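Undergrad: Mind having a look at this structure? Questions to follow.
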Amino acid sequence: MTVDELDTRILRLLLEQPRTSVREYARVIGVARGTLQARLDRLERDGVITGSGPALSPAALGHPVLAFVHIEVTQGHLDDVGDALAAVPEIVEAFSITGGGDLLTRVVARNNAHLEDVIQKLISLPGVVRTRTEVALRERVPHRLLPLVESIGRAARP
């Protein structure tokens, strides 16, 4: 899928002003509402836009501890362990990886004792060989996509 300069302008507005109406986006960008809606529909259909819900803070929800847990899995059990991870509410993301381990999870917890309980739950899952945990001390660069969108927009200019 090719993202052009108009697409990047639309994406920038979505990131900067997520609660604005399609009509207002069209006015700000200077295109017809139908054009903007067609672009949004295509960006969703092509998987560029993957959601529109609010961003939530686990810390504000009472889970200020963030840890990255590497999970080593018995060969042949990756899918089973992945499915089991989906049942653990404190796991907010999980990825298959290369390198030291088979899965990398992002885990949130109320405190260190709660984190230990979550890790013990992970260790007890069938197919889990071992875990390695790294606790995040401070967020240095928050999740962001705007710099990437701007870079793509610059590259799309003729």
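The values are calculated or read from the model by the stated rules, or taken from the named source; none is laboratory data. Since we're looking at a predicted model, the values are computed, not measured. Methodologically, a virtual Cβ is constructed for each residue, glycine included, from the backbone with ideal geometry; neighbour enumeration extends over all protein chains shown. Areas reflect the complete protein model, heavy atoms only, side chains present, ligands, DNA and RNA absent. Shrake-Rupley method; radii C 1.70, N 1.55, O 1.52, S 1.80 Å.
Undergrad: Quick one: longest stretch of the chain between exposed loop trypsin sites (Lys or Arg not before Pro), exposed meaning at most 11 other C-beta atoms within 10 Å and loop per DSSP? Kindly include the intermediate steps, with their values, before the conclusion.
TA: Details: sites that count: 19, 138, 140, 144.
Within the chain, the longest run free of exposed trypsin sites (Lys or Arg not before Pro) spans 20-137.
Undergrad: Give the peptides 90-96, 56-62 in descending order of average Cβ contacts within 10 Å, highest first.
TA: Values: 90-96: 15.1, 56-62: 11.0.
Answer by packing, highest mean first, reads 90-96, 56-62.
Undergrad: Still on this structure, I have one more. Please list, ordered by chain and number, the residues whose modelled amide H lies under 5 Å from the amide H of residue 110; skip anything fewer than 5 residues away on the same chain.
TA: Distant-sequence amide H within range of residue 110: 115.
Undergrad: From the P(r) of region 72-158, can you give the percent of Cα pairs sitting at distances over 22 Å? Working shown, then result.
TA: On the way: 1525 of 3741 pairs.
When all Cα pairs of region 72-158 are counted, 41 percent exceed 22 Å.
Undergrad: Output ³J(HN,Hα) for region 19-32: one whole-Hz value per residue in order, computed from phi by the Karplus curve 6.51 cos²θ - 1.76 cosθ + 1.60 with θ = phi - 60°, and x for Gly and Pro.
TA: 9, 7, 6, 4, 4, 5, 4, 4, 5, 4, 7, x, 10, 5
Undergrad: Further question: Return the long-range amide H neighbours of residue 136 (sequence gap of 5 or more, or a different chain), with a cut-off of under 5 Å between placed amide H atoms.
TA: 66, 67, 68
Undergrad: Same structure, new question: Roughly how many whole Å is it from the C-alpha centroid of region 1-38 to that of region 87-103?
TA: Centre-to-centre distance over Cα atoms comes out at 34 Å.
Undergrad: For the chain, restrict the atom set to alpha-carbon positions and state the Rg and Dmax in Å.
TA: 20.1, 57
Undergrad: I'd like the carbon and sulfur percentage of the solvent accessible area for the chain, probe radius 1.4 Å, heavy atoms only, ligands and nucleic acids excluded.
TA: Values: 5460 of 10510 Å².
Carbon and sulfur: 52 percent of the exposed surface of the chain.
Undergrad: Nearest 10 degrees, 0 to 90: what angle lies between the long axis of helix 112-123 and the longest principal axis of the chain (Cα atoms)?
TA: 80 degrees
Undergrad: Continuing with the same structure: Using θ = phi - 60° and the Karplus relation 6.51 cos²θ - 1.76 cosθ + 1.60, list the HN-Hα couplings for region 145-158 in order, rounded to whole Hz, with x at every Gly or Pro.
TA: 10, 4, x, 5, 4, 4, 5, 5, x, 5, 6, 7, 5, x
Undergrad: In whole Hz, with x marking every Gly and Pro, tabulate ³J(HN,Hα) for region 41-46 from phi via Karplus 6.51 cos²θ - 1.76 cosθ + 1.60, θ = phi - 60°.
TA: These are the phi-based 3J(HN,Hα) values: 4, 5, 5, 5, 4, 7 Hz.
Undergrad: With +1 on the Cβ of every Lys and Arg and -1 on the Cβ of every Asp and Glu, and nothing else charged, how large is the dipole of the chain about its Cα centre, in debye rounded to the nearest 20? Intermediate values should be presented prior to the final figure.
TA: Numbers: 19 positive and 20 negative charges, 166 e Å.
Roughly 800 debye for the chain.
Undergrad: Probe of 1.4 angstrom, ligands and nucleic acids ignored: what's the accessible area per residue over region 16-158, in square angstrom?
TA: On the way: 9730 Å² over 143 residues.
Result: 68 Å² of accessible area for each residue.
Undergrad: Okay, moving on. Helix 5-16: angle to the longest alpha-carbon principal axis of the chain, degrees 0 to 90, nearest 10?
TA: 60 degrees
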